[in-house]
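Readers should treat all values here as calculations from the given coordinates under stated rules, not as data from a laboratory. Since we're looking at a predicted model, the values are computed, not measured. A quick note on method: Cβ atoms are made from the backbone with ideal geometry, for glycine too, and the neighbour counts reach across all protein chains shown.
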Amino acid sequence: MSDAKLHIYHIGTRGIPTTQGGIERHIEEIASRQADNLDITVYARTYYVPPMTEYRGIRIRRLKTIQSKHFDTWLYSLIATFDVLFRKKGVVHFHALGPSIFAWLPRLFGHKTVVTVHGLDWQRAKWNFIARSYLQLCEIFSARFPNRTIVVSKVLAEYYEKKFNKVTDAIPNGITAPKIVFPDEITEKWGLKKDGYIFFIARLTPEKGAHHLIRAFRNIETDKKLVSAGEGLLSDKYESELRELAAGDDRIIFTGFVTGSTIDELFGNCYLYCQPSEIEGLSIAMLEAMSYGCCVLSSDIPENLELVESVGYKFESKNVESLEKELLDLLSDHEKVITAGEKARHRALNEYSWDQVAAVTEKLYRELS
């Protein structure tokens with residue numbers, strides 16, 4: 001990598017290559033597209049990324065930290081921030097609210113800083129009062145201390161303007177045109193066929209709302225299955241609760257973590273995709289579902305409606321009866337499902353692109369250099 005290139009340092013991710021996680025996916029997608037033009041370093045955590053120093057033209061700098069729900073991200077971000085102070089001057093890009101509390105420090109050493117807010121993390125149910133208060137403090141830092149603040153949705157842009165009188169750069173997540181494949185592996189593993197199941201994929205944490213979906217589905221008489229892809233994080237308590245909730249209903253399938261062609265098959269052959277999340281930034285999974293031509297049924301939180309208001313269907317967030325009613329309606333009208341899927345695909349492929357996200361973000365970096 002040439003020293004003539006602008007140096008970019010990403011802090012806030014567990015690392016790349018990603019196994020699961022929206023922030024990890026976001027960084028990998030944009031950094032890999034910028035690697036020919038920029039000198040990029042991604043700070044990673046040793047427990048997440050195997051020993052490596054480079055991936056897809058991107059430097060990987062692995063750091064040891066404590067694998068803990070409350071201290072992992074804070075300690076990793078602190079160590080990474082101190083490390084970057086003595087690196088060649090460039091742009092330090094912090095991701096998420098927690099790491100953004102350090103965005104002022106590299107500026108004292110001649111770096112420029114950027115923060116991307118991927119969502120209002122203090123709203124997540126897993127945090128106790130102290131952690132939630134800390135993340136709310138970080139929200140202030142994310143608005144006041146970096147050179148530029150990026151948000152991934154128009155909803156977040158409006159939030160920052162209203163609360164902090166802060167004009168942010170709204171740069172959404174993106175997608176790439178997917179590979180549509182016939183069911184093969186998913187039929188062999190789980191007996192799934194084209195249009196034979198409702199699909200949901202996410203890290204299994206309470207705010208993703210899988211418990212609402214399982215409760216609603218169990219009340220419905222249908223020969224279709226419900227497929228939940230993904231796994232828990234650190235603690236499997238919530239995942240165990242979901243499995244207990246689904247016990248006795250053999251229509252409900254937990255695939256665990258999936259990747260590659262398996263994801264292509266699951267997205268490309270579902271009857272519809274359901275997003276029951278209680279909070280979001282801008283869901284990459286939902287964007288991907290749209291790009292595959294899936295009819296999307298989502299909770300009516302503003303971040304989800306930003307994507308599906310005119311091309312999908314919604315239900316009242318956290319309301320199992322509302323979700324059940326919408327599922328029944330869509331299960332009884334295949335033509336409605338097909339039409340919505342076609343609209344969703346057109347919107348996703350025409351309005352959301354990782355190539356465009358990478359280009360706009362690189363332009364922002366260069367404006368700071």
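Annotations
- With a Förster radius of 22 Å applied to the beta-carbon distance between Asp169 and Trp104, the computed FRET efficiency rounds to 0.75.
- Quotient of C-alpha Rg and 2.2 N^0.38 Å, computed over region 185-351: 0.94
- Dipole magnitude for the chain: about 1620 debye, using +1 per Lys or Arg Cβ and -1 per Asp or Glu Cβ, origin at the Cα centre.
- Amide N of region 163-207 lying under 20 Å from the label point, which is placed 7 angstrom from the Cα of Asp250 along Cα→Cβ: 186-194, 196-198
- Among Leu327, Leu135, Leu78, the largest mean-square fluctuation in a Gaussian network model of the chain, built with springs joining Cα atoms closer than 10 Å, belongs to Leu78.
- When both region 193-260 and region 340-369 are represented by their alpha-carbon centers, they are found 30 Å apart.
- Cross-linked pairs Lys89/Lys166; Lys179/Lys363; Lys193/Lys224; Lys189/Lys318; Lys224/Lys325; Lys154/Lys363: Cα-Cα separations exceed 21 Å for Lys89/Lys166; Lys179/Lys363; Lys189/Lys318.
- Sites Ile180 and Ser240 - FRET efficiency at Förster radius 30 Å, r taken between beta-carbons, to 0.05: 0.30
- Here, region 1-146 is characterised by an Rg to Rh ratio of 0.95, where Rg is the alpha-carbon radius of gyration and Rh the Kirkwood radius.
- Couplings for region 327-342, taken from phi via the Karplus curve 6.51 cos²θ - 1.76 cosθ + 1.60 with θ = phi - 60°, read 4, 4, 4, 6, 5, 9, 9, 5, 4, 4, 5, 4, 4, 5, x, 5 Hz in order; Gly and Pro are left as x.
- Positive-end residue of Ser142, Cys274, His7, charge dipole of the chain with Cβ unit charges: His7
- Subtracting the Cα-Cα distance of Leu85 and Lys318 from their residue separation scaled by 0.36 nm leaves 79.5 nm.
- Computed over the chain with a Gaussian network model linking Cα atoms closer than 10 Å, the most mobile of Lys318, Lys225, Lys166 is Lys166.
- When each of the peptides 339-351, 357-369, 259-271, 290-302 is scored by how many other beta carbons lie within 10 Å of its residues on average, the order from highest to lowest is 290-302, 259-271, 339-351, 357-369.
- The simple Förster model, with R0 at 30 Å and r as the Cβ-Cβ distance, assigns Leu78 and Ala4 a FRET efficiency of 0.45.
- Distance in nm between pseudo-label sites at Arg215 and Glu158 (7 Å out along the Cβ direction from Cα): 2.8 nm
- Only beta bridges with both residues in the chain are counted; by DSSP, about 5 percent of them are antiparallel.
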